[in-house]
Amino acid sequence: MSTTAIVPLTTDEAETLVTAARTAAEAAGVTVSVTVLDAGGHLLAFRRDDRAVLISGETSTRKAYTALQLNAPTADLVDLVKPDGPFHSLPTALDQPLLFIAGGLPLHRDSRLIGAIGVGGGTPEQDHGFAQASIKELS
């Protein structure tokens, strides 16, 4: 049985993602922070706009980490961790920097997880949209 190696997410690709997310945010008049992690959860790229709220740096990183660890958009996870959701105890059960707010997306190549992007600073819906706009640049 032959396995094909998946090319990891590169620093250049991470920078492209950051630029694309920031461009989408600027077009909407929103200042953001953007974090890109590789498949191992290591930081590949980060940028906080000068006027973005300070906490957006932390939220963008946690959204990326959550999307990576659960291999799912954070927007899809919000209802699962509500008090009546099936995973309501997940945020407190694990000692991990998880954040269940829209704005984090896993990144795939050939259907394999290669990293994640997180955007923070706008509304959850805006952050999700900026992250979505950025991954179109990888295609």
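The values are calculated or read from the model by the stated rules, or taken from the named source; none is laboratory data. All values derive from a computational prediction rather than experimental measurement. Using ideal geometry, Cβ is built from the backbone for each residue, glycine included, and neighbour counts are taken over all protein chains shown.
A few comments on the model shown:
Table: residues versus (1) surrounded by fewer than 21 Cβ atoms within 10 Å (Cβ to Cβ); (2) farther than 26 Å from A5 by Cβ.
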{"residue": "A25", "(1), (2)": "no, yes"}
{"residue": "L70", "(1), (2)": "yes, no"}
{"residue": "K82", "(1), (2)": "yes, yes"}
{"residue": "P86", "(1), (2)": "yes, yes"}
{"residue": "Q96", "(1), (2)": "yes, yes"}
{"residue": "G120", "(1), (2)": "no, yes"}
{"residue": "E125", "(1), (2)": "yes, yes"}
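- Matching option when the condition is among the polar types (S, T, N, Q) and modelled with pLDDT of 90 or more, among T59, T4: T59
- Residues that are among the hydrophobic types (A, V, I, L, M, F, W, C) and more than 20 Å from E137 (Cβ to Cβ) are absent from the stretch 31-50 altogether.
- Cβ separations smaller than 7 Å between residues 6+ apart or across chains give the following pairs from the stretch 70-89 residues that are touching a residue at least 24 places away in the same chain (Cβ under 8 Å) to residues that are surrounded by 12 or more Cβ atoms within 10 Å (Cβ to Cβ) and among the basic types (K, R): T74/K63.
- Residue that is modelled with the lowest pLDDT [pool: residues in the stretch 70-91 that are more than 26 Å from A39 (Cβ to Cβ) and either of a type outside the set (G, A, S) or in contact with an Asp or Glu (Cβ under 6 Å, 6 or more places away or on another chain) (or both)]: H88
- Candidates R51, R22: the one that is under 21 Å from A102 (Cβ atoms) and of a type in the set (D, E, K, R) is R22.
- A residue that is assigned to a helix (DSSP H, G or I) and surrounded by fewer than 14 Cβ atoms within 10 Å (Cβ to Cβ) occurs nowhere in the stretch 39-47.
- Residues satisfying the stated conditions in the stretch 114-139, i.e. in contact with a helix residue (DSSP H, G or I) (Cβ under 8 Å, 6 or more places away or on another chain), of a type in the set (S, T, N, Q) and under 15 Å from E15 (Cα atoms): S134
- The stretch 103-139, subset in a loop (DSSP other than H, G, I, E, B) and more than 17 Å from L17 (Cβ to Cβ), residue farthest from the chain's Cα centre (by Cα): D110
- If you go through the stretch 90-116 and keep only what is at positive phi and touching a residue at least 12 places away in the same chain (Cβ under 8 Å), you end up with G103, D110, G115.
- Selection status of D50, within 29 Å of R22 (Cβ to Cβ), assigned to a loop (DSSP other than H, G, I, E, B), without any contact (Cβ under 8 Å) to a residue 24 or more places away in the chain and among the acidic types (D, E): yes
- Test: G85 is part of a loop (DSSP other than H, G, I, E, B) and either under 28 Å from D110 (Cα atoms) or polar (S, T, N, Q) (or both): no
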